[in-house]
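The values are calculated or read from the model by the stated rules, or taken from the named source; none is laboratory data. Quantities reported herein were computed from a predicted structural model and do not represent experimental measurements. Because the Cβ atoms are built from the backbone with ideal geometry, glycine has one as well, and the counts that use them run over all protein chains shown.
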Amino acid sequence: MPQTIEPLLVLHSIAIGLILMLFARVLMRRGLFRWTTAGFWSWAALVLYLVLNPLASVLLGNLLQYELMLSMSGGIERGVWIMVVAALGIVAFFAAYLRTQSRPVVWRLRANSERISIPMLLVMAVWVSWGMYSLLVYRSLLFPTSRDLIIEGGRFTGRVSGYEFTGHTFLFVPCVFLLLSDSLFRRWLGWLMVAVFVVLSLPVGWGRAATVSIILAAALADALRRNRPRPRLVFVVAALILVSALQMRGHETWTLQETPAELFRLIPQAVTNIGGLLSSSDISMLASWYLESYIKDTLAGFDFGIPLLNYALTGWIPGSIFPSKYFLVDWLHAFQMASYPPVYDALMYGAKSSLIGSFYANGGPIAVIVMMGLMGVLSRKLDGMLDRRSPILVKATGISWLSLWWMVWGSHDTWGLATLGTLAMPSLTLWLVSPKVAPRKNRMVRWSPRGSYFRSFRSKA
């Protein structure tokens, strides 16, 4: 067993890196190691959070976050334990992902139909207007509101609602829907909307993930429309440069007028400081996992999926209608906080232990194995949404989800559920007013008298 933090993190990076390299080879053989699969993005996120960050932290001596979290969570033994659990969870995820079949997802819509009916146009206009309002008021700050914007513990407790503040993400599905079109006019309109989104979302430092993800969504849509396994190089370079510059910038707020100058100032620094960006505390999810797992194991107890259930049942209801919608989370937090010193809660405030870390909080290593396996199945089903035979609305939803997959893996399960659910709201309403394909008649199956095969026939009903 390693005796100090440096060999621990090196051992962790090597062990997890070898497992991920093995599955990368398997994904390549299956033709699944490409930009348009959830398996690839899951693999890339796990490499970033569980391999590159701890390794870069050792190489650059940026170990303060790891030293603090390990000192509060039992030391080296905790690090070794989490390494073992992480390895088991990764194996469970890719085993489930590779064993699950992927079929086209159709939602009873016509395959590749680009027809936009009047009701669909009206619904899309509502979501685009909402998204533009959110961009102009809360992102570009061109028309700031006088109402109170108060966020406490990730909740909007002021007069500005969460749907208003995060409404800019409602533009994802309409943008991708247009980019997938065969119509040159619609594609240009989609590119224009993406450009406007990027420009107007840059001033506020708390929306970095959405800014980068809309570029990834455009790249994915372009690659999928051209039936290519990877996007154009210009998108990859633009995304890497932008994410590096925004990481250097942190959460600082700019005005729209000073944004171009500030970006050009940061880009050269970001390009020459890749190691510093990789060792940043913003992506040190493993360090947060050390402390969170210790709290759950020894002080507070597990969550047993109660927060995830609460978010799924009532989290989507506006707080103005149901102020106590997080009653289960509040009860659990009050109950658990009484069992450990507040200093631990202060250290974990705003910290993210990664998706696999939040699975551990639900029930330890057993929960990690089970929920990582379920995540593998869901990821493979997401691949089916990007199948060339899936309808455009389904593809647009799948691409919008996949563009944020890297952030889902770097956050908690509740954040992922809330974010993906918000992205899907335009899809749901568009589906409701879209022309549907008549359901297929019922089929029944009976055993052939010859006993050698099944015979299917349509029921007269």
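Annotations for the structure displayed:
- In segment 369-461, counting only helices (runs of 4 or more DSSP H) that sit wholly within it, the ones holding 3 or more residues that are under 26 Å from ASP182 (Cβ atoms) and at pLDDT 90 or above span 392-403, 413-433.
- Residue in segment 141-164 that is in a loop (DSSP other than H, G, I, E, B), surrounded by 19 or more Cβ atoms within 10 Å (Cβ to Cβ) and not basic (Lys, Arg) present: no
- Any chance ALA351 is modelled with pLDDT under 95, surrounded by fewer than 24 Cβ atoms within 10 Å (Cβ to Cβ) and over 30 Å from ASP182 (Cα atoms): yes
- Lone unmet requirement of (1) modelled with pLDDT under 95; (2) under 21 Å from MET120 (Cα atoms); (3) hydrophobic (A, V, I, L, M, F, W, C); (4) touching a helix residue (DSSP H, G or I) at 6+ places or on another chain (Cβ under 7 Å) for MET193: (1)
- Considering segment 216-229, and only residues there that are modelled with pLDDT of 85 or more and either touching a Lys or Arg at 6+ places or on another chain (Cβ under 6 Å) or among the aliphatic types (A, V, I, L, M) (or both), the residue that is nearest to ALA44 (Cα to Cα) turns out to be LEU216.
- Some residue of segment 62-80 being among the hydroxyl-bearing types (Ser, Thr, Tyr), over 19 Å from GLY376 (Cβ atoms) and touching a Ser or Thr at 6+ places or on another chain (Cβ under 8 Å): yes
- Criterion applied to ALA219, ALA239 was being more than 23 Å from LEU136 (Cβ to Cβ), touching a Pro at 6+ places or on another chain (Cβ under 6 Å) and aliphatic (A, V, I, L, M), and the one residue passing it is ALA219.
- Among the residues of segment 92-128, the ones that are under 24 Å from the mean Cα position of the chain (by Cα) and outside any loop (DSSP other than H, G, I, E, B) come to 11 in all.
- Positions within segment 267-289 being among the hydrophobic types (A, V, I, L, M, F, W, C) and at pLDDT 85 or above, in sequence order: LEU278, ILE283, MET285, LEU286, ALA287, TRP289
- Residue check: GLY61 meets all listed conditions (1) of a type outside the set (Phe, Trp, Tyr); (2) surrounded by 13 or more Cβ atoms within 10 Å (Cβ to Cβ); (3) at positive phi but one, namely (2).
- All positions within segment 202-244 that are over 12 Å from TRP35 (Cβ atoms), in contact with a Phe, Trp or Tyr (Cβ under 8 Å, 6 or more places away or on another chain) and not in a helix (DSSP H, G or I): LEU202, PRO203, VAL204
- Inter-residue pairs, beta-carbon under 6 Å, first under 19 Å from TRP406 (Cβ atoms) and in contact (Cβ under 8 Å) with a residue 12 or more places away in the chain and in segment 228-240, second surrounded by 14 or more Cβ atoms within 10 Å (Cβ to Cβ) and among the basic types (Lys, Arg), 6+ apart: PRO229/ARG34
- Checked against the criterion of being buried (at least 16 other Cβ atoms within 10 Å of the Cβ), polar (S, T, N, Q) and touching an Asp or Glu at 6+ places or on another chain (Cβ under 9 Å), segment 334-341 contains one or more residues that satisfy it.
- Within segment 95-141, tally of residues that are of a type in the set (Phe, Trp, Tyr) and under 15 Å from LEU386 (Cα atoms): 1
- Of all residues in segment 250-268 being in contact with a helix residue (DSSP H, G or I) (Cβ under 6 Å, 6 or more places away or on another chain) and surrounded by 14 or more Cβ atoms within 10 Å (Cβ to Cβ), the one that is nearest to GLY205 (Cα to Cα): TRP254
- Residue in segment 9-50 that is nearest to the chain's Cα centre (by Cα), counting only those that are part of a helix (DSSP H, G or I) and hydroxyl-bearing (Ser, Thr, Tyr): SER42
- Only listed residue being of a type in the set (Ser, Thr, Tyr), touching a helix residue (DSSP H, G or I) at 6+ places or on another chain (Cβ under 7 Å), over 22 Å from ALA396 (Cβ atoms) and not in a loop (DSSP other than H, G, I, E, B), chosen from TYR133, TYR138: TYR138
- Matching residues, segment 322-353, being in a helix (DSSP H, G or I), closer than 18 Å to LEU68 by Cα and not aliphatic (A, V, I, L, M): PRO342, TYR344, ASP345
- Sole exception among (1) touching a strand residue (DSSP E or B) at 6+ places or on another chain (Cβ under 7 Å); (2) among the small types (Gly, Ala, Ser); (3) within 22 Å of SER57 (Cα to Cα) for GLY319, by number: (3)
- Close pairs (9 angstrom Cβ cut-off, 6 or more residues apart or separate chains): more than 28 Å from PRO342 (Cβ to Cβ) and outside any helix (DSSP H, G or I) in segment 51-77, basic (Lys, Arg) and modelled with pLDDT of 90 or more anywhere: none
- Test: VAL212 is touching an Asp or Glu at 6+ places or on another chain (Cβ under 9 Å) and aliphatic (A, V, I, L, M): no
- Given (1) touching a residue at least 12 places away in the same chain (Cβ under 8 Å); (2) in contact with a strand residue (DSSP E or B) (Cβ under 9 Å, 6 or more places away or on another chain), index of the condition ILE150 fails: (1)
- Matching option when the condition is touching a residue at least 12 places away in the same chain (Cβ under 8 Å), under 22 Å from GLY363 (Cα atoms) and not charged (D, E, K, R), among TRP289, TRP316, TRP331, TRP254: TRP289
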